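Peer 1: This is the structure I have questions about; it appears just below.
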Amino acid sequence: MDKFLQTLMDGFTVGSLYALIALGYTMVYGILQFINFAHGDVFALGVHLTIVFAAMLGIEGLATGGPASLPVVVGVLLLTMLACGCVGFLIERLAYRPLRSSPRLNVLITAIGVSLLLQNVGQLPFVFGPYRKATPNLLPDVTLATIGGEQQTQDDGTLEIVGGVKVTLVNVTVVLVALAMMLALQYVIHSTRFGLAMRAVSHDPRTAGLMGINVDLVISLTFMIGSMLAAGAGFLYTLKYTGNVAHPGEATWVLLGLKAFVAAVVGGIGNIRGAVLGGLLIGLTEFFGVGYLSSEYRDAYVFAILIVVLLVRPQGILGRPKIEKV
Amino acid sequence: MTDTHQSRVSSQAGLGRTLWNALWPVLVAVLCGLVMHLAIGPWAGGYASTVMVACAINVVLAVSLTVVNGFAGQFSLGHAGFMAIGGYTAAGIVYYGSLLMWGDASPSGSVLSASFDEVAGRPWLAAGDALFVVACLVGGLMAAIAGYVVGLPSLRLRGDYLAIVTLGFGEIVRVLLQGTKGQIQPWKMSELAETPGWRLPLHLGGPQGFNLLPVYTTLFWATAAMTLSAIVIYRLKYSALGREFLSVREDEIAAQAMGVNVTRAKVRAFVVAATFAGIAGGLYGHLTGTMNATELDFKRSIEIVIMVVLGGMGSISGAAMAAVLLTILPELLRDPPAIWPAGLLVLAIVTFTQWRRRRFSWPVLTGIIVATIVFEVGRRVAIAHAVDLADYRLVIYALLLILMMLLRPDGLFGVHEFWDVLGLRRVPRPGIDGRSEVEA
């Protein structure tokens, strides 16, 4: 039972990270109908910028300094999101916009090019460098509650809980922040004029343009929002995975990006709620697979789910089937 | 009546003709291989030979992916998966075959399977070569079966979704291969004797990779495979099946209305591409003596797709040239030579082409000149400031990719072969070069 709950909690935490990244994929696909392969690298950028900004604000490495104060933590998050938003804007403006009318395959290859560019620029010695970095100590390692477990009396007479599932501050923060971002996005898309414009462009860019919507602006802002969500996910990743993070060129990031993308597809690409659902599903699948089957095939579970879902329901769980027209 | 009748008669022109048609590509391949192996390889030296072998293997991969991504218009992102299946199959057969037959995993090849400084004293034919060739072919067969299995979902999925499924397939193959057990080492023959034959495919090295494979791949085998695959796929492009592929790419519904079995065409495209990828995998593993599934991941598949796209979707010579270019480019950037001779050459070729067509495009010509000057200045600056361009080679590579897509979205040659683009052949092949037909 303990193991089940622990797996559930970990899967849920990581799943909400996937969901945040998947939102970026799904928003871009919803509007431009292409897979933004560079999105996973924007997430990696978010992780590394979090480390850099935390260092600038005085929190370096795991060992030095205690947990940061709340304003600093929020400051790091906002700075990272802002920086990644700007990078997302630049990517769209410089690489994707000139190709708006060319075949989708070309845009896809360009996206791969941008992804390679981000990875390799990130690896340059004067950017992030080709070595692993320690995550900053942003949150104290506090257990908020323990579910199950036994109370044991220690030698010095104090009571301590052994076993059980620990609900840590980190897990709760990750889930809550991710949830807040998703709700904010939901609000923006469904309750603001900009959201209306976004949905209109997603439905039909040409007609939306004729109705007086600034399509270029909407697309730019969509990229910025997606990149900011990825940056938020990167920030949460540094909270969750304390220790060393991989350098920008490592396969870890590509794989994480791919899994988030799989989440978007499984949920129904272009569908915001589907991305969240897919993210959680992928996170839970991965952790239950690792916990109960075998950890060797960790990545295979995710892709197996993908293939099964696509074969049974090609448009994804919540996606709408596309009607082929002659 | 007359034309079609005659061609039908000539295609039924008897066994001798058929045999000759089947055999001459093999003869040409062997001949090319011999020339490269015995003349050009020794002249170019060891390092250059290794780069050439890598080029040839990449050409096989790129040209085979052209069948799926170029001809049939499907989008496969799992080519490295087929390569891994073929490579591991071939490696398993050669490694355990050598151990069982000769009790030793060192190569027992002929002159053809030895690099030129080890040629002395080798026989012209040896059992090791036969084992290697058979292993590569079986690897191709296994990959073909996998291609059939992956081709099946393409009945339901199209476009991006198919790309994602093939991507997922490639990753699953990689993870499964990394999950195999450690190989049985050559010095543990007793363990090998205890393991029943059917369990051997479970011992493929796992996360450490499949190591200590006998090295067989030389310039001969790589060139022969490259030549053969190029000829076979070129013939395929202009055969009835190739036209089926092209019709599926252009418009599935129209193709179906014309009686093309779209499903069968797609699956066949996957099978053909996978076969050659499997063979390339076998060559790849026996080049360095190690198969590592970690290297045959999503990034490798992407590399091959990039070659196809840069060459122009559907152009065999384009894909081959892009493969060579992209294999050499990172090597060149380690110690960049002067670019202006190459720039002048490209300028001359483009000017010639445009002169043939009586249509000059000044932006293209100035673009080439500016690019050459920019690169040359960059190189001079890098040398003057002692900056090592090798650190930046992947950045430059990525930038080139993006610029290529922005400036020349059709790839080098589009669907045409390079001799079509040069305007060397006046008569266009009907039905395939859509544009030339309209112009005519």
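Peer 1: So residue A:72 clears everything in (1) in a helix (DSSP H, G or I); (2) surrounded by fewer than 19 Cβ atoms within 10 Å (Cβ to Cβ); (3) at the interface with another protein chain (Cβ under 10 Å from one of its Cβ atoms) except one condition, right? Which one?
Peer 2: Among (1) in a helix (DSSP H, G or I); (2) surrounded by fewer than 19 Cβ atoms within 10 Å (Cβ to Cβ); (3) at the interface with another protein chain (Cβ under 10 Å from one of its Cβ atoms), residue A:72 violates only (3).
Peer 1: Does residue B:325 qualify as being more than 10 Å from chain A (Cβ to nearest Cβ), over 25 Å from residue B:91 (Cα atoms) and surrounded by fewer than 21 Cβ atoms within 10 Å (Cβ to Cβ)?
Peer 2: yes
Peer 1: Out of (1) surrounded by 14 or more Cβ atoms within 10 Å (Cβ to Cβ); (2) within 14 Å of another protein chain (Cβ to nearest Cβ), what's the single condition that is false for residue B:210?
Peer 2: Unmet for residue B:210, out of (1) surrounded by 14 or more Cβ atoms within 10 Å (Cβ to Cβ); (2) within 14 Å of another protein chain (Cβ to nearest Cβ): (2).
Peer 1: Okay, next question. For the range B:1-120, which helices (runs of 4 or more DSSP H) that fit wholly inside it have 3 or more residues that are surrounded by 12 or more Cβ atoms within 10 Å (Cβ to Cβ) and either modelled with pLDDT of 85 or more or not aromatic (Phe, Trp, Tyr) (or both)?
Peer 2: Helices (runs of 4 or more DSSP H) meeting the threshold: B:15-35, B:41-44, B:46-65, B:79-102.
Peer 1: Next question. Return a yes/no flag: does the range B:139-160 have any residue that is under 30 Å from residue B:46 (Cα atoms) and out of contact with any helix residue (DSSP H, G or I) (no Cβ under 6 Å at 6 or more places or on another chain).
Peer 2: No.
Peer 1: Which one is nearest to the other protein chains (Cβ to nearest Cβ), of the residues in the range B:405-421 that are at pLDDT below 80 and part of a helix (DSSP H, G or I)?
Peer 2: So, considering only residues that are at pLDDT below 80 and part of a helix (DSSP H, G or I), the one nearest to the other protein chains (Cβ to nearest Cβ) is B:407.
Peer 1: Determine whether the range B:259-267 contains at least one residue that is in a helix (DSSP H, G or I), polar (S, T, N, Q) and crowded, with 22+ Cβ neighbours inside 10 Å.
Peer 2: Taking every residue of the range B:259-267 in turn, none turns out to be in a helix (DSSP H, G or I), polar (S, T, N, Q) and crowded, with 22+ Cβ neighbours inside 10 Å.
Peer 1: Determine the pairs where a residue that is more than 12 Å from residue B:71 (Cα to Cα) and more than 13 Å from chain A (Cβ to nearest Cβ), located within the range B:247-264, has a partner that is among the β-branched types (Val, Ile, Thr) and in a helix (DSSP H, G or I) with Cβ atoms under 8 Å apart, the partner being 6 or more residues away or on another chain.
Peer 2: Going by the 8 Å Cβ cut-off, the qualifying pairs are B:260/B:248.
Peer 1: For the range B:368-390, check the following and say yes or no: at least one residue is at pLDDT below 75 and more than 14 Å from chain A (Cβ to nearest Cβ).
Peer 2: Looking for residues that are at pLDDT below 75 and more than 14 Å from chain A (Cβ to nearest Cβ), one finds at least one in the range B:368-390, hence yes.
Peer 1: I need the full set of residues from the range B:182-236 which are in contact (Cβ under 8 Å) with a residue 12 or more places away in the chain, more than 17 Å from residue B:288 (Cβ to Cβ) and small (Gly, Ala, Ser), in order please.
Peer 2: Residues satisfying the conditions are B:182, B:206, B:224, B:229, B:230.
Peer 1: If only one of A:265, A:218, A:290 is β-branched (Val, Ile, Thr), surrounded by fewer than 18 Cβ atoms within 10 Å (Cβ to Cβ) and touching a Phe, Trp or Tyr at 6+ places or on another chain (Cβ under 9 Å), which one is it?
Peer 2: After applying the criteria, what remains is A:290.
Peer 1: Give the residue that is nearest to residue B:211 (Cα to Cα), with candidates limited to residues of the range B:145-159 that are crowded, with 21+ Cβ neighbours inside 10 Å and aliphatic (A, V, I, L, M).
Peer 2: B:146
Results for (1) away from chain B (no Cβ under 14 Å); (2) of a type in the set (Val, Ile, Thr); (3) assigned to a loop (DSSP other than H, G, I, E, B), shown as yes or no for each residue.
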site: A:198; (1), (2), (3): yes, no, no
site: A:212; (1), (2), (3): yes, no, yes
site: A:222; (1), (2), (3): yes, yes, no
site: A:233; (1), (2), (3): yes, no, no
site: A:237; (1), (2), (3): yes, no, no
site: A:247; (1), (2), (3): no, no, yes
site: A:254; (1), (2), (3): no, yes, no
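Peer 1: For the range B:160-170, state whether one or more residues are surrounded by fewer than 20 Cβ atoms within 10 Å (Cβ to Cβ), within 8 Å of chain A (Cβ to nearest Cβ) and in contact (Cβ under 8 Å) with a residue 40 or more places away in the chain.
Peer 2: yes
Peer 1: In the set A:26, A:7, which member is within 30 Å of residue A:140 (Cα to Cα), among the β-branched types (Val, Ile, Thr) and part of a helix (DSSP H, G or I)?
Peer 2: A:7
Peer 1: Of the numbered conditions (1) within 14 Å of chain A (Cβ to nearest Cβ); (2) in contact with a strand residue (DSSP E or B) (Cβ under 7 Å, 6 or more places away or on another chain); (3) not polar (S, T, N, Q), residue B:179 fails exactly one; give the number of that condition.
Peer 2: Only one criterion is unmet by residue B:179, namely (2).
Peer 1: Just wondering, is there one or more residues in the range B:312-322 that are surrounded by fewer than 18 Cβ atoms within 10 Å (Cβ to Cβ) and either away from chain A (no Cβ under 13 Å) or without any contact (Cβ under 8 Å) to a residue 60 or more places away in the chain (or both)?
Peer 2: No, because not a single residue in the range B:312-322 is surrounded by fewer than 18 Cβ atoms within 10 Å (Cβ to Cβ) and either away from chain A (no Cβ under 13 Å) or without any contact (Cβ under 8 Å) to a residue 60 or more places away in the chain (or both).
Peer 1: In the range A:152-173, which residues are surrounded by 11 or more Cβ atoms within 10 Å (Cβ to Cβ), in contact with an Asp or Glu (Cβ under 9 Å, 6 or more places away or on another chain) and modelled with pLDDT of 70 or more?
Peer 2: Hits for the range A:152-173 are A:152, A:164, A:165, A:168, A:169, A:170, A:171.
Peer 1: Is there any pair with a first residue in the range A:299-317 that is more than 7 Å from chain B (Cβ to nearest Cβ) and under 13 Å from residue A:282 (Cα atoms) and a second that is crowded, with 17+ Cβ neighbours inside 10 Å and of a type in the set (Lys, Arg) whose Cβ atoms are under 9 Å apart and which are 6 or more apart or on different chains, and what are they?
Peer 2: Close Cβ pairs (under 9 Å, with a partner that is crowded, with 17+ Cβ neighbours inside 10 Å and of a type in the set (Lys, Arg)) amount to A:302/A:259.
Peer 1: Can you find a residue in the range A:266-281 that is on the phi > 0 side of the Ramachandran plot and either in contact with an Asp or Glu (Cβ under 7 Å, 6 or more places away or on another chain) or within 14 Å of chain B (Cβ to nearest Cβ) (or both)?
Peer 2: Scanning the range A:266-281 turns up at least one residue that is on the phi > 0 side of the Ramachandran plot and either in contact with an Asp or Glu (Cβ under 7 Å, 6 or more places away or on another chain) or within 14 Å of chain B (Cβ to nearest Cβ) (or both).
The values are calculated or read from the model by the stated rules, or taken from the named source; none is laboratory data. What you are looking at is a predicted structure, and each value in this text was computed from that prediction instead of being measured. Methodologically, a virtual Cβ is constructed for each residue, glycine included, from the backbone with ideal geometry; neighbour enumeration extends over all protein chains shown.
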